[in-house]
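Shown next, in structure tokens, is the structure this report addresses.
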Amino acid sequence: MRSETIKRAGLAEIYEKIEAGERLSREDGLKLFQTRDLLALGWLARRVRERLHGRRVYYVLNRHLNYTNICENRCRFCAYWRPPGDPEGYVISPEEAVRRLSEGPPPREIHIVGGVHPELPYTYYLELLSAVHEAFPQAALKAFTCVEIDHLSRISGKSVEEVLQDLKAAGLSCLPGGGAEVFSERVRERLFPRKISAERWLEIAKTAHRLGLPTNATMLYGHLETLEERVDHLLRLREVQDETGGFLCFVPLPFLPEKTPLREEIKPTTGFEDLRTLAVARLLLDNIPHLKAYWVFLGVKLAQLALHFGADDLHGTVVEERISEASGGREAEALSREELERLIREAGFEPVERDAFYRPV
Ligand code: SF4
């Protein structure tokens, strides 16, 4: 891209910083969010992405397991939860989890998250992990958000560190990084007041990192948050990453309002919004190695385009995932290895099958 184009987009100074390998500031982050020149922004993000990963795009043979939709947190943005006793509520037993995961090719990564169930005992979570770990010893168990870890600490009376040690002994390899939403007290009060605070989420992530459990980090965007709050969220993650180095991947999640009580007031994000959020994240998060184009929320076609806007990870095969399905956001149930590779190759990149820790397999 000609430097004239970058200049016209008002991004010349940021371009120079990127070329010099300098860290971008809060003001730079806002400026990037405010530009209308999506192609110039995407070009900058792709430059950084190529510096980090060349033409490689990662994917994993994975499975999702959402063990319960019963939840006491009642977040306003969530279409997935059901109250205890609801006829649509469910809990998957450890045996049933193993049975479901046994269908299809053996996964390399199993992603396990669920609602904050008020009655499931602490032992359920340990038994669930042990059963899945025993049945699939080759798979890394990526389980429980910081919100669930906080809940487990409360119901067991153990510290976060003790809970994580117990889960690790039962087979836990890493944490998926959900439940962060957006680190804004203002938004938390309006949309998810019962959920843990930003400080608690970050503290739990740091504890996991200290114990050798890497995590991802997410951001739910496209609801009530301002661009300043988005930038702040990214910078808080960057600060923790400077301290621990434990975040493997950043996963931006567009809010899917369709089946939530907010559908009248909030419109779904647009492709422009999704791509610019990915690109700005790639540029601000200079210390988090990977950026995920989560096709489950973005849709397959936009996720493929996102590879040109900073993303280097197309997630995986997925198969059974109930959370986005409940939100009306799914266009595909699952993708095969062949489909993922085709999407990556067609976009001009080289597919690399990975394990949960981004090691090529
Ligand atoms: S987002 Fe998570 S914690 Fe909030 S209601 Fe939904 S399942 Fe429960």
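The values are calculated or read from the model by the stated rules, or taken from the named source; none is laboratory data. A quick note: this is a predicted structure, and the numbers were derived from the prediction, not measured. Using ideal geometry, Cβ is built from the backbone for each residue, glycine included, and neighbour counts are taken over all protein chains shown. Protein only, heavy atoms only, side chains kept; ligands, DNA and RNA dropped before computing areas. Shrake-Rupley method; radii C 1.70, N 1.55, O 1.52, S 1.80 Å.
From the list G171, G104, exactly one residue is more than 16 Å from the ligand (Cβ to nearest atom) and over 22 Å from the mean Cα position of the chain (by Cα). Which is it? Spell out how you get there, then give the answer.
On the way: G171 fails: over 22 Å from the mean Cα position of the chain (by Cα).
Just one listed residue meets the conditions, G104.
Give region 185-202 a look and list any residue that's open to solvent by less than 10 Å² (accessible area, probe 1.4 Å) and either closer than 21 Å to P118 by Cα or assigned to a loop (DSSP other than H, G, I, E, B) (or both), or say none.
Hits for region 185-202 are L191, F192, W201.
Out of all the residues in region 306-314, is one or more over 21 Å from R63 (Cβ atoms) and modelled with pLDDT under 95? Let's see the steps before the verdict.
We begin by selecting, within region 306-314, every residue over 21 Å from R63 (Cβ atoms); these are 306-312.
Applying the additional criterion that residues be modelled with pLDDT under 95 yields none.
Taking every residue of region 306-314 in turn, none turns out to be over 21 Å from R63 (Cβ atoms) and modelled with pLDDT under 95.
Scan region 245-257 residue by residue and report those that are farther than 22 Å from K195 by Cα and either buried (at least 17 other Cβ atoms within 10 Å of the Cβ) or charged (D, E, K, R) (or both).
Looking only at region 245-257, we keep the residues that are farther than 22 Å from K195 by Cα, and these are 245-246, 248-249.
Once the filter is applied, which keeps residues that are farther than 22 Å from K195 by Cα and either buried (at least 17 other Cβ atoms within 10 Å of the Cβ) or charged (D, E, K, R) (or both), region 245-257 yields G246, L248, C249.
Filter region 189-200 for residues that are within 11 Å of the ligand (Cβ to nearest atom) and not β-branched (V, I, T); which is farthest from D232 (Cα to Cα)? Give the steps one after another, and end with the answer.
Initial filter on region 189-200 (within 11 Å of the ligand (Cβ to nearest atom)): 191-196.
If we keep only those that are not β-branched (V, I, T) too, we end up with 191-195.
Values: L191: 18, F192: 18, P193: 19, R194: 21, K195: 19 Å.
So, considering only residues that are within 11 Å of the ligand (Cβ to nearest atom) and not β-branched (V, I, T), the one farthest from D232 (Cα to Cα) is R194.
What residue, among those in region 122-158 that are assigned to a helix (DSSP H, G or I), free of Cβ contacts under 8 Å to residues at least 24 places away in the same chain and over 17 Å from S93 (Cβ atoms), is nearest to the ligand (Cβ to nearest atom)?
Ranking the qualifying residues of region 122-158, first place goes to R154.
How many residues are open to solvent by 60 Å² or more (accessible area, probe 1.4 Å) and in contact (Cβ under 8 Å) with a residue 60 or more places away in the chain when one looks only at region 13-38?
3
Please indicate, with yes or no, whether at least one residue in region 91-98 is at pLDDT 95 or above and within 16 Å of the ligand (Cβ to nearest atom).
Yes: region 91-98 contains one or more residues that are at pLDDT 95 or above and within 16 Å of the ligand (Cβ to nearest atom).
For E119, indicate whether it is of a type in the set (D, E, K, R) and in contact (Cβ under 8 Å) with a residue 24 or more places away in the chain.
When the stated conditions are applied, E119 passes them.
Given the residues V147, V187, V182, which is the only one that is under 24 Å from F250 (Cα atoms), more than 18 Å from the chain's Cα centre (by Cα) and at pLDDT 95 or above?
That would be V187, the only listed residue that is under 24 Å from F250 (Cα atoms), more than 18 Å from the chain's Cα centre (by Cα) and at pLDDT 95 or above.
Which of (1) within 29 Å of L65 (Cβ to Cβ); (2) not in a helix (DSSP H, G or I) does L224 not meet, given it meets every other one?
(1)
Any idea which residue in region 39-80 is farthest from the ligand (Cβ to nearest atom), counting only those that are open to solvent by 30 Å² or more (accessible area, probe 1.4 Å) and in contact (Cβ under 8 Å) with a residue 60 or more places away in the chain?
Only one residue fits best here, namely R55.
Among the residues of region 276-316, which ones are open to solvent by less than 10 Å² (accessible area, probe 1.4 Å) and basic (K, R)?
Passing the criteria: R282, K292.
Specify which of the listed residues (E88, E109, E119) is charged (D, E, K, R) and crowded, with 23+ Cβ neighbours inside 10 Å.
E109
So C249 ticks every box in (1) within 16 Å of the ligand (Cβ to nearest atom); (2) under 14 Å from the mean Cα position of the chain (by Cα) but one. Which box is left unticked?
In the conditions (1) within 16 Å of the ligand (Cβ to nearest atom); (2) under 14 Å from the mean Cα position of the chain (by Cα), C249 misses (1) alone.
Listed residues L164, L175; which is buried (at least 23 other Cβ atoms within 10 Å of the Cβ) and closer than 18 Å to K292 by Cβ?
L175
Could you list, in sequence order, the residues of region 235-286 that are assigned to a loop (DSSP other than H, G, I, E, B), touching a Phe, Trp or Tyr at 6+ places or on another chain (Cβ under 9 Å) and under 20 Å from Y15 (Cβ atoms)?
L285, the sole residue that qualifies.
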